[in-house]
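Chemist: Quick one: the structure is below, and I'll ask about it shortly.
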Amino acid sequence: MTVRKIEPGDEADWQRLWKAYLDYYEKDFPQAHADRLFHSLMKGEPYFVFVAEEGGAVIGFVHGLPHPSTWSETGYCYLEDLYVDVDARGSGAGRALINAVYEEAKRRGLSRVYWHTDKGNETARKLYDKVATLSDFVHYRMD
């Protein structure tokens, strides 16, 4: 398995995985949203994107969003989306994608990588508990 930056030729695989990711969270966006998002991600700013590939097939992706912070001179990185194909779970792809974000954040001089997940996402949380520290902060939002 390899982890690399996303390329234009990955669009069909990314679209397939993005749809599965949205299905997991029971979200539905118009296809035009996914098309615009992919083309925005390809610009490489403000997001950066890595994919995990095995046997020539893209099996996962991660989106990182670097941003300034009033609590850091160098800024933070929000790991916004991480998804690994159901059939590839347990392969190390999730950990490798998270490590790619850590390395990119380090390369950019960012002082923290953080993310959120659904409290019921037990499969992912087993991995997250191994690679990061669970924060005591409570997440609020206004839609």
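The values are calculated or read from the model by the stated rules, or taken from the named source; none is laboratory data. The structure displayed is predicted, hence computed values, not measured ones. No Cβ is skipped: glycine too gets one built from the backbone with ideal geometry, and neighbour counts run over all protein chains shown.
Chemist: Are any of the residues in the range 65-76 more than 11 Å from the chain's Cα centre (by Cα) and among the β-branched types (Val, Ile, Thr)?
Modeler: yes
Chemist: Since Asp143 meets every condition but one in (1) closer than 22 Å to Lys5 by Cα; (2) assigned to a loop (DSSP other than H, G, I, E, B), which condition does it not meet?
Modeler: Of the numbered conditions (1) closer than 22 Å to Lys5 by Cα; (2) assigned to a loop (DSSP other than H, G, I, E, B), the odd one out for Asp143 is (1).
Chemist: Next up: Identify the residue in the range 119-140 that is free of Cβ contacts under 8 Å to residues at least 40 places away in the same chain, of a type outside the set (Lys, Arg) and assigned to a helix (DSSP H, G or I) and, among all such residues, is nearest to Arg16 (Cα to Cα).
Modeler: Among them, the one singled out is Thr123.
Chemist: Another question, then. Counting only residues that are more than 16 Å from Leu97 (Cβ to Cβ) and surrounded by 10 or more Cβ atoms within 10 Å (Cβ to Cβ), how many does the range 1-11 have?
Modeler: Here the count works out to 1.
Chemist: So which residues in the range 50-103 are among the hydroxyl-bearing types (Ser, Thr, Tyr) and in contact with a helix residue (DSSP H, G or I) (Cβ under 6 Å, 6 or more places away or on another chain)?
Modeler: Within the range 50-103, just Tyr83 meets the criteria.
Chemist: Out of (1) surrounded by 12 or more Cβ atoms within 10 Å (Cβ to Cβ); (2) modelled with pLDDT under 95, what's the single condition that is false for Lys43?
Modeler: (1)
Chemist: Which condition does His116 not pass, out of (1) more than 20 Å from Val58 (Cα to Cα); (2) assigned to a helix (DSSP H, G or I), if it passes all the others?
Modeler: (2)
Chemist: Mind counting the residues in the range 36-86 that are part of a strand (DSSP E or B) and of a type in the set (D, E, K, R)?
Modeler: 5
Chemist: Hey, any hits in the range 54-66 for a residue that's without any contact (Cβ under 8 Å) to a residue 24 or more places away in the chain and either under 23 Å from Arg112 (Cα atoms) or touching a strand residue (DSSP E or B) at 6+ places or on another chain (Cβ under 8 Å) (or both)?
Modeler: Yes: the range 54-66 contains one or more residues that are without any contact (Cβ under 8 Å) to a residue 24 or more places away in the chain and either under 23 Å from Arg112 (Cα atoms) or touching a strand residue (DSSP E or B) at 6+ places or on another chain (Cβ under 8 Å) (or both).
Chemist: Test of understanding: among Tyr114, Tyr83, Tyr140, Tyr102, which residue is out of contact with any Asp or Glu (no Cβ under 8 Å at 6 or more places or on another chain) and crowded, with 18+ Cβ neighbours inside 10 Å?
Modeler: Tyr83
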